[in-house]
Amino acid sequence: MASKIIIKDATVITMQENNEVFETGDILIEDQCIRSVGTRVTDSGVDTTVIPGSGKVVIPGLINIHNHAAMSLFRSYADDYPLMTWLEKKIFPAEARLTAEDTYWGASLAIMEMIRGGTTTYVDMYFFMDQTAQACLESGMRAVLSQVFIGDNAVEGFNSLQDSKGFADRWQDAANGRITSILGPHAPYTCSPAFLKKVLSETESSNIPIHIHLSESRQEVEQSLAAHSKTPVALMQEIGLFKRDVLAAHCVHVTDDDIEILVANRVGIAHNPGSNLKLGNGIAPLKKMIDKEALVGLGTDGAASNNNLDMFEEVRLAGLLQKGLNEDPTSVTAGEALALGTRGGAQALKKDNIGVLKEGAKADLAVINFRQPHLQPHNNAVANIVYSAGASDVETVIIDGKVLYDRGSFLTLDEERIYFEANRRSKRLRI
């Protein structure tokens, strides 16, 4: 493996705050980091790999901040159901059959799909997470992982919390920091307020961040109001959850007061437009969140409710839905939409070394082939990516300074073995 990589003569979209774009520029990568962006780099040394960039556009790797990777095994298994019916009648019973090995292969399939589509960091919440972490370790994917748990103050709930804590301890900062861990209480409707207080108390010394589903459906909000006279967001504020770093998935049905709470507490918000549409959960008030400077990034959710992990699609939906919802074509611009899928995801995760192309950042990036009819003419690269591009347009993916996918070939994954295992296991899990 070469110690240096140079991408030459590419259009480089840095996604820095100043929106700097180099129409023809080079990128120098050494070890795990970007050493220079935009300036000309002289080819040198036998340990240097040169990637021609003419006709290509380079972006920071996309960041998928909410996923259940092993649910790729349930892709197209339980479609066209309301959320709670989907969960209780289809998904929960199927998940009861899952084994640790199933999770490894389901996660491997999802990781392969994400890498193929230019995603270089993702956030996961699921079962048997040691196996998912192993798949991330082997593949080279950058990941933030949580072992999901459900419960109340009963012994079962406490044990699941201990399992989640144990996972977090084992994998924190693994693979030279490429894999990190957080806690994963599933949702306010599956974890009682008393139990969530216990979670906070039991993990106070470590101050570990939390990943939770929040205000995903109208039914969830109505149940919270009936039981607690508070929205789920207000309830989490009351019990002290937001004293931690929190990543809240969905936040579809939130009031103006809820948004103020989320912004004031710097809660990361994972906006999942594709999954929210498919499950009929509505459209989040993304424009209001952006206007309030909320920390918003994008996620696909699991492949069982999307049904793909194409972050280009989420970027496009995030922008187009707000234009239609607000009847305003300026609501979320192409640049703002792409920022949500890159820099915004990093900000929601409180990470400043990914999501942008700049000196010193982690070398996580995607090279997109623009020599295709739907990406021509080259009037505006950002608009072409947001409104025209898709996962299949990605040609090369680099994570942590290593090429993991290049022109149709996976360099760390056994594509055919993963397909075989995923299909074999999916058949057994279907009910």
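The values are calculated or read from the model by the stated rules, or taken from the named source; none is laboratory data. What you see is a predicted model; the values in this text were computed from it and never measured. Here the Cβ is made from the backbone with ideal geometry for all residues, glycine too, and neighbour counts use every protein chain on show.
Structural remarks
- Picking from residues in the stretch 263-284 that are surrounded by 24 or more Cβ atoms within 10 Å (Cβ to Cβ) and of a type in the set (Gly, Ala, Ser), the one that is nearest to Trp86 (Cα to Cα) is Ser275.
- A Cβ distance below 8 Å, combined with a sequence gap of six or more or placement on separate chains, defines the contacts here; from the stretch 82-104, residues that are in the same structural domain as Ala303 (by TED's automatic domain parsing) and under 17 Å from Ser426 (Cα atoms) reach residues that are among the β-branched types (Val, Ile, Thr) and surrounded by fewer than 13 Cβ atoms within 10 Å (Cβ to Cβ) in the pairs Lys90/Ile431; Pro93/Ile431; Ala94/Ile431; Arg97/Ile431.
- Verdict on Ser76 being more than 24 Å from the chain's Cα centre (by Cα), among the polar types (S, T, N, Q), surrounded by fewer than 24 Cβ atoms within 10 Å (Cβ to Cβ) and more than 21 Å from Lys351 (Cβ to Cβ): no
- Residue, nearest to Val315 (Cα to Cα), within the stretch 348-361, restricted to residues that are under 17 Å from the mean Cα position of the chain (by Cα) and crowded, with 20+ Cβ neighbours inside 10 Å: Gly355
One line per residue, one yes/no per condition, for (1) touching a Phe, Trp or Tyr at 6+ places or on another chain (Cβ under 9 Å); (2) under 20 Å from Asn272 (Cβ atoms):
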| position | (1), (2) |
| --- | --- |
| Ala10 | yes, no |
| Asn19 | no, no |
| Ile27 | no, no |
| Gly55 | yes, no |
| Asn64 | yes, yes |
| Ala70 | yes, yes |
| Asp79 | yes, yes |
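- Residue list for the stretch 164-173, restricted to those being surrounded by 15 or more Cβ atoms within 10 Å (Cβ to Cβ) and part of a helix (DSSP H, G or I): Ser164, Lys165, Phe167, Ala168, Trp171
- Entirely in the stretch 256-313, the helices (runs of 4 or more DSSP H) that have 2 or more residues that are assigned by TED's automatic domain parsing to the domain that holds Phe242, touching a residue at least 12 places away in the same chain (Cβ under 8 Å) and farther than 28 Å from Ser76 by Cα: 256-264, 286-291
- Counting only helices (runs of 4 or more DSSP H) that sit completely within the stretch 334-431, those holding 1 or more residues that are in the same structural domain as Leu87 (by TED's automatic domain parsing) and small (Gly, Ala, Ser) correspond to 334-341, 343-348.
- All conditions in (1) surrounded by fewer than 21 Cβ atoms within 10 Å (Cβ to Cβ); (2) not in a helix (DSSP H, G or I) hold for Thr121, with the sole exception of (1).
- Residue that is nearest to Ala10 (Cα to Cα) [pool: residues in the stretch 25-47 that are among the hydrophobic types (A, V, I, L, M, F, W, C) and in a strand (DSSP E or B)]: Ile27
- Ala154 meets all of the listed conditions (1) surrounded by fewer than 18 Cβ atoms within 10 Å (Cβ to Cβ); (2) at pLDDT 95 or above but one, namely (2).
Table: residues versus (1) closer than 20 Å to Ser215 by Cα; (2) buried (at least 24 other Cβ atoms within 10 Å of the Cβ); (3) within 14 Å of the chain's Cα centre (by Cα).
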site: Leu286; (1), (2), (3): yes, yes, no
site: Val296; (1), (2), (3): yes, yes, yes
site: Gly302; (1), (2), (3): yes, yes, yes
site: Gly324; (1), (2), (3): no, no, no
site: Glu327; (1), (2), (3): no, no, no
site: Thr330; (1), (2), (3): no, no, no
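- Of all residues in the stretch 173-217, those that are closer than 19 Å to Asp124 by Cα and in contact with a Gly (Cβ under 7 Å, 6 or more places away or on another chain) total 2.
- Gly240 within 21 Å of the chain's Cα centre (by Cα) and small (Gly, Ala, Ser): no
- Yes/no for Thr42 being in contact (Cβ under 8 Å) with a residue 40 or more places away in the chain and over 30 Å from Ile182 (Cβ atoms): no
- Residue in the stretch 228-246 that is over 30 Å from Leu73 (Cα atoms), surrounded by fewer than 22 Cβ atoms within 10 Å (Cβ to Cβ), in contact (Cβ under 8 Å) with a residue 40 or more places away in the chain and hydrophobic (A, V, I, L, M, F, W, C) present: yes
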